[in-house]
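Have a look at the structure below, then the notes.
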Amino acid sequence: MKKGLLIVFSGPSGVGKGTIIKELMNDENLNLVYSISMTTRAPREGEVDGVNYFFVSKERFNEAIYNDELLEHACFVDNFYGTPKAYVEKMRNEGKNVLLEIETVGAKQVMNHYEDDKGCVSVFIVPPSIEELESRIRGRKTESEEVIKKRIFKATQELRETYRYQHVVCNDNIENAVMKVKDIINKSMEDYDEEC
Ligand code: 5GP
């Protein structure tokens, strides 16, 4: 059986990663599983523990770092986020493609760690403009003004990191963006022939 890909998927807050991921997960041919991250952020309305994230205390997060349970971790706008390590390799060894939706600091750690692994594919989603991004974050109405400002500032920093990624896709139109990411994953599956 062929080993699964590790797909590092990044892009600034509000760029539409969640919508793209939903479409990708609905496509069975992509053989995708979503890596559920651990975070110290409070759940937003409608978010479910163990589905969107594992919502944990700072103490539990620190314990996970101490016990080497995380593949990568980073602080993003006052909260910590990390990828549980065990699930990723288990799934890849079962032939599944694992999608990590992570910010740029953690992504850099993963890309360095898997530098020689041809199964590690990185994709960065960019907005058509920073103004468009700001209006999407505001339209979501899930964050306070202070957090919105911090997220927009963070977005401008993250957009400087696109050069680290193998693929950059603009989300000017959701159907196009989804199609482009699907093409990237399909092509990467064809090219990767590592056995489990
Ligand atoms: P949000 O609070 O909007 O759900 O996520 C904030 C940022 O954290 C997003 O850019 C998201 O991709 C990133 N993120 C989510 N999970 C992880 C993770 O496990 N590790 C890292 N490094 N970033 C993550």
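Bear in mind that the values in this text are calculations on the coordinates, not laboratory data. What you are looking at is a predicted structure, and each value in this text was computed from that prediction instead of being measured. Backbone-built Cβ (ideal geometry, glycine too); neighbour counts: all protein chains shown.
Along each principal axis of its Cα atoms, how long is the chain end to end? Whole angstroms, biggest number first, please.
Principal-axis extents of the chain (Cα, largest first): 49, 41, 30 Å.
Can you tell me what share of the DSSP beta bridges in the chain is antiparallel? A percent to the nearest 5 is fine. Intermediate results must be reported in sequence, preceding the final value.
Values: 9 of 29 bridges.
The antiparallel proportion sits near 30 percent.
Quick check on the chain: helices-only [θ] at 222 nm, where DSSP H runs of length 4 and up contribute -39,500 (n - 2.57) each and the sum goes over total residues. Nearest 500, please.
One gets -12500 deg cm²/dmol as the mean residue ellipticity at 222 nm.
Calculate, in nm to one decimal, what Lys149 and Glu69 gain on full extension: separation in residues at 0.36 nm each, minus their alpha carbon distance. Could you put the intermediate results ahead of the total?
Working: separation 80, 0.36 × 80 = 28.80 nm, distance 3.20 nm.
That works out to 25.6 nm of additional length.
Give me the net charge of Asp193's neighbourhood, meaning all other residues with Cβ under 11 Å from the Cβ of Asp193; Lys, Arg count +1, Asp, Glu -1. Each step should come with its number before you reach the end.
Numbers: positive: Lys2, Lys3, Lys118; negative: Glu190, Asp191, Glu194, Glu195.
Charge balance in the 11 Å sphere: -1.
Would you mind checking Lys58/Lys90; Lys22/Lys187; Lys3/Lys90 for any pair whose Cα atoms are more than 22 angstrom apart? Intermediate values should be presented prior to the final figure.
Numbers: Lys58/Lys90 26 Å; Lys22/Lys187 20 Å; Lys3/Lys90 10 Å.
Where the Cα-Cα span goes over 22 Å, the pairs concerned are Lys58/Lys90.
Note down the net charge around His73, summing +1 for each Lys or Arg and -1 for each Asp or Glu among other residues with Cβ under 15 Å from its Cβ.
Numbers: positive: Arg41, Lys58, Arg60, Lys85, Lys108; negative: Glu59, Glu63, Asp68, Glu69, Glu72, Asp78, Glu101, Glu103.
Neighbourhood net charge equals -3.
Taking the C-alpha atoms of the stretch 3-87, how large are the radius of gyration and the largest Cα-Cα span, Dmax, in Å?
Values for the stretch 3-87 (Cα only, Rg and Dmax): 13.7, 39 Å.
If I build a Gaussian network model for the chain, linking alpha-carbon pairs within less than 10 angstrom, which residue out of Arg140, Arg60, Arg151 has the largest mean-square fluctuation?
In the Gaussian network model the winner is Arg140.
With springs only between Cα atoms under 10 Å, which of Gly50, Gly16, Gly95 fluctuates most in a Gaussian network model of the chain?
Ranking Gly50, Gly16, Gly95 by mean-square fluctuation puts Gly50 first.
Taking a virtual spin label 7 Å from the Cα of Arg164 along the C-beta vector, which residues in the stretch 55-74 bring their backbone nitrogen under 19 Å of it?
70-74
FRET efficiency for Asn29 and Asn93, Cβ-Cβ distance as r, R0 = 30 Å, nearest 0.05?
On the way: r = 20 Å, r/R0 = 0.68.
Calculated transfer efficiency: 0.90.
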